[in-house]
Amino acid sequence: MEQSPFQRPKRQLLAEMNVVPYIDVMLVLLVIFMITAPMLTQGVKVDLPKVDSETMQVDSEEPVIVSIKADGSYWLKHGKEDNVSLSLELLTQALLSNQQQHPNVQVLINGDTQVPYGEVVKLMAALQKAQILRVGLLTEPSENL
């Protein structure tokens, strides 16, 4: 069977997908996430003391972080919740009720270097009085390492 000169040859369909536009979109999304991820870190601005110490093991549960700012105010952060400013009495009550719900949760104290030592001891004594015994202190690594 001969083809007439006026008939086009039959083309086969191209069943491949062009992935170049998808790669471009993925790279743009990657750049967006790389830029916005550091901005998502929230917390109370505290100037932690810099010391040489071993890394503390944190349990599977997310720890409760109690921050003491330089002005002596107490801040509570648990999980994904925002920081909440509380008095020492309300703070210990909140931690006590949290410990009843989550008995194995750790409490980490995030104290500013400008906070008097007596304020940190007062907080630790209040935690001990409330039977909260799993307490740790947060520091930043020293530059000497």
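A few notes on this one:
- Along its three principal directions, the equivalent ellipsoid of segment 50-141 from the Cα gyration tensor extends over semi-axes of 19, 17, 12 Å, largest first.
- Full extension of the segment from V28 to R8, taken as 0.36 nm per residue of separation minus the current Cα-Cα distance, would add 3.0 nm.
- Cα centroid separation, segment 9-23 to segment 58-124: 59 Å.
- S87 paired with N104, simple spin-label distance in nm, labels 7 Å along Cα-to-beta-carbon: 3.5
- Cβ-Cβ FRET estimate between E119 and K80, R0 fixed at 35 Å, reported to 0.05: 0.80
Read the figures in this text as sums done on the coordinates, not as results from a lab. These figures come from a predicted structure and were not determined experimentally. Glycine also receives a Cβ, built like all others from the backbone with ideal geometry; neighbour counts cover every protein chain displayed.
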